[in-house]
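All remarks here apply to the structure that follows.
The values are calculated or read from the model by the stated rules, or taken from the named source; none is laboratory data. Quantities reported herein were computed from a predicted structural model and do not represent experimental measurements. Neighbour counts are summed over all protein chains in view; Cβ atoms, including those assigned to glycine, are modelled from backbone coordinates with ideal geometry. SASA here: full protein model, heavy atoms, side chains in, ligands and nucleic acids out. Shrake-Rupley method; radii C 1.70, N 1.55, O 1.52, S 1.80 Å.
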Amino acid sequence: MARRPRSAPARKRRGFGGFLFRWALLVVVGVGLAGALYSIHLDRVVRGKFEGQRWALPARVFARPLELYADRPLLGDQLQAELDRLNYRRTAALDVPGSYSRDGERFLIRTRSFRFWDGEEPAYALKVGLVEGRVAELEDASGGPAPPLVRLDPMLIASIYPTHNEDRVLLRRKDIPDLLIRTLIAVEDRSFYRHVGVDPRGIARAAFSNLRAGGVVEGASTLTQQLVKNFYLTADRTFERKINEALMALLLERRYSKDEILEAYANEIYLGQDGSRAIHGFGLASSFFFNKPLEELGIPETALLVGMVQAPSSLDPRRRSEAALKRRDLVLDLMARDGVISPADAEAAKGAPLGIAEGGGRPVGEYPDFISLVRRQLQRDYREEDLRSEGLNIFTTLDPLVQSEVEKALPSRLSELEKSRRMKAGSLEAAAVVTSVAQGEVLALAGGREAGYAGFNRALDSVRSIGSLVKPAVYLAALSKPERYSLTTSLQDTPVSMRVGDKIWAPKNYDRRVNGAVPLHRALSSSLNLATVHLGLSVGITEVTETLYRLGAQRRISKVPAMLLGAVSLSPLEVAQVYQTIAAGGYRAPLRAIREVMDPNGRPLNRYPLAVEAVVDPRAAYLTTWAMQRVVTHGTARWLGEKLPKGMTMAGKTGTTDEMRDSWYAGFSGDKVAVVWVGRDDYQPMGLAGGAGALRVWGDFMLAIPNEPLSDVPPDGVVLAGGGEAPYVAGTTPAGRTGGGKKETAREGGDEQDVAQAEPEPAADPDPAIEAKAAPKASSSKNLFMSDFYN
């Protein structure tokens, strides 16, 4: 039977259906291709950020670590203060690192491990015994061999934050306690180890749990989705963002392990606000809320942190303690439900207080003046954006024990001086610098009387005439010529009058007296102006100026006669460099505020090694120090000499400028150099000589910290005469032999023979042979940051 031909409508319907199918196929293919391309784009985004630098990490600045070793000078209260600054907890049960107990002068300490530039410092259980201000016992309390030296973890003193002010302490997966991980999974994502980034069952389960509880107790998004939202996306609640979140979560799970995702989550999660600083990650949150490292957290503290993930602002335990406590207890129930802890542990933890510590997570002290010095040194080697984003660990030379004494002494003594002199309260200002003798490390620095105030830094930037602080350089220049000068050489303390430019320069002694012939050492210890001028002119102004440069002065010095009496303008930091070289026996160590810099992975970057250079004759430096020691015992700093403990010896020099506008004292023990300036910011006279003002501040803090006495061992080529007589250079015949016990005449109360010019730049010397020139480079050493400041 012949086929009946199809009707036209049937053929049209089939043709139209084929057309729609082809178009639908094209649309599906197009959408699939677009989806594939978009997935490739998202994959690149995921990999690009996850495998690159994930976060802009702040630089962290640390003080020096306290080193414990046999015979180290240390008082019990100083050791306890250091442990308290490090947030060690005083407790009878030393069950965790970061704890200690004290019984008189005996300490039991559980130290924390810390990664330094030269390797990991392990945690110790220590027995430390102190006797007469020194470490007499240092033993391993667990029975192991006694360690020869132990470094405590260093104190965080500053952070240099990224421009967006996010702060975090970077954690590795191995650093995250198992208790925290298990709690996080129990509360936020119970199927974390089973899903592939998105968990439909988890969404349904969370909805049921929340409905049954009458509130949000369990999250619907997986941990991976939460990481994607916080790390890659915005918080906008749009359909597009949710689709991207799901796709990127799938891609993230496909590319990376569960441990890698947990590590990123633990560092990214936002957990609170500290002013303008955003607290990210469990590592920083642990310090911020509890003043503890993450590994030291207990059950209730862990529950509180994990509970805050849901809503950090509304669950802030400092501002909303009741809501935070309720949420913590709910988390404890969830931990017990999933077997993370036992029901008994959960009930016990509910009885614990929130335990929030004030000031947590911030730098332990406010040291803006010292940090200013650190930043100036860093800016020579690092870009500002690197300091704010690369997570550098910067180890400095700051000694908190010394800094704390300086900060106590300045306001206390200045207030006392103002009251005794009937000055307006707050009219006096001060600056102080303390360094080590041998290494040139800046141990403490104060730019003003008010600790922690980030204002004008007088220690670095206040350039004032230094008065008689210049005189040791004059005598050092002379004693460097032993064939001409010794400590007992007779100097003429007689009137001087000479033309300088179009003016007559005629300096006077402080008491307007003329003393005639005096031995060289007495001229320095009594700060006799006329004798100093005669000596300086004999040695040569150029030679004295070059001696100052060799000692470490960086600033241009005008070669005029008035510079012999202090018409030299320097900052306290520059003065400290000059005196460090004298104290070190003629060996200049460029002052430094940084020891080491490490990247966040513990790799050393820049080292700032000790760079020492012999710049003056050590014999002359020793003889000058001997005369400066007599400033303390017989001269203008007798106030200090009378307060020195038995066996302690120190040397120094007072300084006062014209009309008593500036009061200075610079001096040193066997291991520390300190410089103090006192004055007014408006340059008005204040009526305080160096011995009545700056010396008193200097003594207050230097007598409160451990010091070594000056060495009584002379360098080769110096002969000790004995009987209190002045030492001399071998092969010379010292004149007079009058260096012994006769007390020199210096005015009581520290008044001295200073008539320094008040103006920083005195009139130029008319002699063309002594034109001023720029200072030479400090040395050939690698650390020249002072020349960077002042040239």
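Using only alpha-carbon positions in the stretch 122-203, the gyration tensor eigenvalues give semi-axes of 45, 22, 9 Å once each is multiplied by 5 and square-rooted (largest first).
Pairs from the table (K242/K326; K229/K326; K326/K350) lying more than 20 angstrom apart at Cα are K242/K326; K229/K326. Geometric descriptor of the stretch 396-525, per residue, is 207 Å³ (volume of the convex hull of the Cα atoms).
Aspartates and glutamates near K258 by alpha-carbon distance under 19 Å, same-chain residues fewer than 8 away left out - which ones? Excluding near neighbours in sequence, the set is D43, E51, D175, D178, E188, D189, D199, E245, E268.
Heavy-atom surface analysis with a 1.4 Å probe gives the stretch 222-373 a carbon and sulfur content of 52 percent of its accessible area. Normalised by the number of residues in the stretch 54-126, the average gap of Cα pairs under 8 Å and 6 or more apart makes the relative contact order 16 percent.
In the stretch 370-457, the inverse of the mean reciprocal separation of distinct Cα atoms equals 14.9 Å; this is its Kirkwood hydrodynamic radius.
Using C-alpha pairs below 8 Å separated by at least 6 residues, the relative contact order for the stretch 380-529 is 15 percent. When only the Cβ of Lys, Arg, Asp and Glu is charged (+1, +1, -1, -1), the dipole of the stretch 381-475 relative to its Cα centre reaches about 860 debye. Each pair of Cα atoms in the stretch 434-506 enters the Kirkwood radius, and Stokes-Einstein at 37 °C and 0.692 mPa s then converts it into a translational diffusion coefficient of 194 µm²/s. Of the cross-linked pairs K471/K508; K174/K292; K419/K508, those separated by over 26 Å at the C-alpha level are K419/K508.
Counted by Cβ distance under 11 Å from P709, the other residues give a net charge of -2, where Lys and Arg count +1 and Asp and Glu count -1. Highest mean packing first, where packing is the average number of other Cβ atoms within 10 Å per residue, the peptides 187-199, 401-413 line up as 401-413, 187-199.
Taking packing as the residue-averaged number of other Cβ atoms within 10 angstrom, the listed peptides 344-355, 577-588 run from highest to lowest as 577-588, 344-355.
Sorted largest first by accessible area at a 1.4 angstrom probe radius, with every protein chain in place, the residues Y665, Y683 fall in the order Y683, Y665.
Both radii come from the Cα set of the stretch 313-416: Rg as radius of gyration, Rh as Kirkwood radius; their ratio Rg/Rh reads 1.20. Think of the stretch 520-662 as a dipole: +1 on every Lys or Arg Cβ, -1 on every Asp or Glu Cβ, centred on the Cα centre; then among A531, T654, S558, T654 lies furthest on the positive end.
With the cut-off at 1.5 for a/c, could you classify the stretch 465-579 from its C-alpha gyration tensor as rounded, prolate or oblate? Verdict is oblate for the stretch 465-579. Charge tally around D617: other residues with Cβ under 14 Å, Lys/Arg +1 each, Asp/Glu -1 each, net 0.
When a 1.4 Å probe is rolled over the protein heavy atoms, the share of accessible surface on the stretch 80-185 that falls to carbon and sulfur comes to 50 percent. When a/c is below 1.5 the answer is rounded, else prolate if a/b is larger than b/c, else oblate, so apply that to the stretch 539-649 with a ≥ b ≥ c taken from the square roots of the Cα gyration tensor eigenvalues. Note, shape of the stretch 539-649 comes out oblate. Backbone amide hydrogens, once placed in the peptide plane, bring R556 within less than 5 Å of A775, excluding anything fewer than 5 places away on its chain. Volume of the convex hull of the stretch 649-729 (Cα atoms only), normalised per residue: 127 Å³. Sequentially through the stretch 77-88, phi angles give Karplus couplings (6.51, -1.76, 1.60; θ = phi - 60°) of 5, 5, 5, 5, 4, 5, 5, 5, 5, 7, 6, 6 Hz, Gly and Pro residues having no value and appearing as x.
Ranked by the mean number of other Cβ atoms within 10 Å of their residues, highest first, the peptides 445-457, 423-435, 650-662 fall in the order 650-662, 423-435, 445-457. A cut-off under 12 angstrom between Cβ atoms defines the neighbours of S497, and their net charge, with Lys, Arg +1 and Asp, Glu -1, is +3. Taking a ≥ b ≥ c as the square roots of the eigenvalues of the Cα gyration tensor of the stretch 614-679, is the shape rounded (a/c under 1.5), prolate (a/b larger than b/c) or oblate? Here the stretch 614-679 falls in the oblate category.
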